[in-house]
1. Inspect segment B:35-45 for any residue being part of a strand (DSSP E or B) and away from every other protein chain (no Cβ under 14 Å) and give the result as yes or no.
2. What are the residue pairs meeting all of these: first residue in segment A:42-56, first residue within 18 Å of residue B:123 (Cβ to Cβ) and at the interface with chain B (Cβ under 9 Å from one of its Cβ atoms), second residue among the small types (Gly, Ala, Ser) and open to solvent by 60 Å² or more (accessible area, probe 1.4 Å), Cβ atoms under 7 Å, and 6 or more apart or on different chains?
3. Applying the selection to segment B:370-387, what residues are part of a strand (DSSP E or B) and either open to solvent by less than 50 Å² (accessible area, probe 1.4 Å) or in contact (Cβ under 8 Å) with a residue 60 or more places away in the chain (or both)?
4. Among (1) on the phi > 0 side of the Ramachandran plot; (2) assigned to a helix (DSSP H, G or I), where does residue B:283 come up short?
5. Going through segment B:117-142 one residue at a time, which ones are within 14 Å of another protein chain (Cβ to nearest Cβ) and open to solvent by less than 30 Å² (accessible area, probe 1.4 Å)?
6. Do we find that residue A:67 is among the small types (Gly, Ala, Ser), open to solvent by 30 Å² or more (accessible area, probe 1.4 Å) and within 20 Å of residue B:133 (Cα to Cα) in this structure?
7. Hey, does segment B:169-181 have a residue that's within 30 Å of residue B:272 (Cα to Cα) and part of a strand (DSSP E or B)?
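The values are calculated or read from the model by the stated rules, or taken from the named source; none is laboratory data. As the structure is a prediction and not an experimental result, all values here were calculated from the model. Glycine gets a Cβ as well: all are built from the backbone with ideal geometry, and neighbour counts include every protein chain shown. Just so you know, the surface numbers come from the protein's heavy atoms only, side chains and all, with ligands and any DNA or RNA stripped out. Shrake-Rupley method; radii C 1.70, N 1.55, O 1.52, S 1.80 Å.
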Amino acid sequence: MAVDKFTIEDLTRILREAAGADEGVDLDGDIAETDFEELGYESLALLETGGRIEREYGISLDEDALAAARTPTALVDLVNAHLAAAQAV
Amino acid sequence: MTEVVVTGLGIAAPTGLGLDAYWANTLAGVSGLGRVTRFDPSNYPARLAGEIRDFAAEEVLPSRLLPQTDRMTRIALVAADWAFADAGVVPADLPEYDVGVITASHSGGFEFGQNELRALWSKGGQYVSAYQSFAWFYAVNSGQISIRNGLRGPSSVVVTDQAGGLDALAQARRQIRKGTSMVLAGAVDASICPWGWVAQLTSGRLSERDDPARAYLPFDDRAAGHVPGEGGALLVLENAEHARARGARVYGVVAGHASTVDPAPGRDRAPTLQKAIDHALADAGAVPDEIDVVFADAAAVPELDRAEAEAITKVFGPRGVPVTAPKTGTGRLYSGAAPLDLAAALLAIRDGVLPPTVHTTLSERYELDLVTGAPRRADVRSALVVARGQGGFNSAMVVRAPR
């Protein structure tokens, strides 16, 4: 997919598809800096989310980097760095 | 020895979701068998099933659980909720190491696995769900129920086909005798999907008839295999003292159990179903005369019907005890069948009534007092449930009225 920007809205959509949403959490609220664990997503949910992002955006995320991205902002930045690198080629 | 009682029933069957709907339909002789709707069965030799028709997982389970659960797990999670509610228990209020979960499973989460295998084959490995790592697995119902309810007591899964439903309850009784206060135990199976269907067809025991009223006829001269179903029951088993201390309503006592394995085919040793029944009675300290009803395994394969009828007749005498098989209305639920029969046995004790076997006309070959046509009034103090699994597994359990 030819996109130059991955947004937090893209992420919350994919999170919902991949793993649903915890009943006590508003994904449309101010979650940018909230740890994924507090949002109710364990490592497997993030693995599934990462896999869906890779499929949809045609990129390959490093496993360690994915595990190190503990907040929505960190994951959005990680994806955008890959998108920028792919477009620079 | 520690007495183990049943204080909660969670039922999900083709003939009813929830205890009251299931029991009313079972007594009325309602059949839940029909043509498969979950996939197009036209090209398969077997086309009938007992399907649960009105289960909407997205209305009763959090969205977090939906991407990671097979149908059998979704139904099990809801049945577990019902069992705890029926027992008057809020799991989160109990000490977390005091409550365990022990289920049986026939095949694991086949429909989930089928979808992921299809994704692997048609699109590639990166399209396979990360949740495939556990969603298909035999133990997943025990795991998901434990996680959802915060239970950390002894948990496991038993895999002995249809006999497993009783073996799981027996394992729960063992754990309670060892000191756990409460165990949620039983089984829910559901694999009515093309992959699950093909696997089931390999047994050679599925009925290939198209008339739901003539397809699953145990102990009938026309017996020609069974109709598969989906569902089962989860029961709250509890230390009797613990139940008494909290003023719980008690359905009955898990009084006796035994399981046996048949000799390999071709050996000249006799099959061991009767031994399972004898030992279950002995374990309960019961003589055959004390048993007021037998819930039969009811395979509807002529040689298996003959073996079961002979075992029952040898223990109880010709027409010596009422026998019934309400699973004729649900289809065989694999591991889910025997816990559902045990729940029905406890409801028979509660209400003083034996549910009928539907569709079957008793063959003259069998000297059984089969309850057919209509429910039968009876004072039920003790009941025997029999379950057999493919591969030679036999299991028998005795339940008694509460004191």
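1. Yes - at least one qualifying residue is present in segment B:35-45.
2. From segment A:42-56, the pairs are A:54/A:60.
3. B:370, B:382, B:383, B:384, B:385, B:386, B:387
4. Looking at each condition in turn, residue B:283 falls short on (1).
5. Within segment B:117-142, B:119, B:124, B:129, B:130, B:131, B:135, B:140 meet the criteria.
6. Yes: the conditions hold for residue A:67.
7. No.
Each row is one residue, and each column tells you yes or no for (1) within 19 Å of the chain's Cα centre (by Cα); (2) within 14 Å of chain A (Cβ to nearest Cβ); (3) modelled with pLDDT under 95.
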| site | (1), (2), (3) |
| --- | --- |
| B:64 | no, yes, no |
| B:75 | yes, no, no |
| B:96 | no, no, yes |
| B:114 | no, no, no |
